[in-house]
Structures are given as structure tokens and as C-alpha cells.
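Single-structure report; data block below.
The values are calculated or read from the model by the stated rules, or taken from the named source; none is laboratory data. Computed from a prediction, not measured in an experiment: that's the story for all the values here. Here the Cβ is made from the backbone with ideal geometry for all residues, glycine too, and neighbour counts use every protein chain on show. These accessible areas exclude ligands, DNA and RNA; they are computed on the full protein's heavy atoms, side chains included. Shrake-Rupley method; radii C 1.70, N 1.55, O 1.52, S 1.80 Å.
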Amino acid sequence: MNNRRTPYAGDMRRARQAATLVLLTAAVLTGCADPGNELPGGTVNAEAEPTLEELRRDAADVAVSFLPLLPGSPTEEELRDRVATKEPSACDNESYRIRLPLGGDGIDDPERFVDEALTIIHELGFSTEDYRRNSQGSDHVNVSGRLPDGRVIALEASPSLTRLHYQTVCSKHESLARAFDAGLEETLDEATESLGKPEPERPSRWGVRG
């Protein structure tokens, strides 16, 4: 069942609460557990690389912050269930991260969407300097923010769609490597099985089966 809330119809309290949760989670991921640290920036501690579970939780928490802006997007429960099985993607140097795309229905006021998105992005501690790409006066807008450790948030909106893309930090934790390898093996098995199946009969252009 989709979340059919329209943008800006509900208050932003849940988004603010989720933003606070993300700040605390991100501080743990970056090895900076001081609750007084307002920014989740910094680099991952090489002695304590984030696990697959931690990166999935970080991705879910960030995405939840933006759900009020994405009409027709999944509910929070549906989103967390989806992210809980999200497979990692490869970074450089044998490390891995979670990349999370999320889509919703279109909106009538893209410029207001940008203003609301920027508020949340800044509350999460992300910088938008040199990374905001917004076509002012257009019905299609883009906005993004990032952190020095490689985390990036990007959103776009138009009358036909809304989209969010988030990527976590990269990590060399063995839990990500195992999940990545398992995903490759499953893909190869499916490809091998598909190649072994006989090609289905198809009618020719003359209506005669070949």
C-alpha cells in the first residue's frame, strides 16, 4: 500500500525527529559518538568499518527524513523492509556502500519542494555548497548535498515525478564483501539457468511456427 500523502500536507515533525536520529546514527558510523557533535561528517574509522547492517540503517534513516516530500512513496515500514535486504554496491579499493533510490509521484510546486528539501538536507548536516543544481523558474528542479566522507543526497522533482538517491560511506567490513559476493553468485546462477532453457517457439511473420 503506497503512502498517498501529498507534499507539505502533514507537519514536518516526523522528518525533524528522523533527522535527529540520523545525526546520532551517522556519528556512530563515523566513529564519532559524541552526542554534542552536530555534524555527521568525518571519515570512517579504519579500525571500525561500518557493517552492512549499519549502512542499511543509515540509508533507511536518511530516506525516512524525506518521505513527507515524496507523494506516493512507500510507507516508513515498507521502506525499512526494502532497505533491510538491499545489496551493497562496489566502491574503489575493495570497499562497498549502499545506494538507495526512491521514487514518488509528481508535485505542483517544485520550487517549494527545493526549499523543504534544503531544510532537511541542512538539518542532516550535509553541505549544499557547489552541489545544488536547481533550475529556477523551471517545472523540473534538482538539489543535492554531500559530506566529505562520500555520502551524497540528491533529489529531483517535477509535475510528473519525485526522486531521491542516497549513497552511504564506503566500508571494507567483511559483511558487505560477503553480501556482494553472494549477490554476484546469485546473478550468475540465474544467468546460467536462463541460458540452459530452450528458446520458446515463436510464430513467424507468416503465422507459421518456426
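Taking 0.36 nm per residue of separation and subtracting the Cα-Cα distance, full extension of the segment from R99 to D149 would add 16.5 nm.
Computed 3J(HN,Hα) for the range 160-165, one whole-Hz value per residue from the Karplus formula 6.51 cos²θ - 1.76 cosθ + 1.60 where θ = phi - 60°, is 9, 6, 10, 9, 10, 10, glycine and proline marked x. For V152, the accessible surface of its heavy atoms amounts to roughly 30 Å² (probe 1.4 Å, protein chains only, rounded to the nearest 10). Placing unit charges on the Cβ atoms of the charged side chains and taking the dipole of the range 48-155 about its Cα centre, the candidate lying farthest along the positive direction among S144, S73, Y96 is Y96.
Counting 0.36 nm for each residue step from K172 to E76 and taking away their Cα separation leaves a gain of 31.7 nm.
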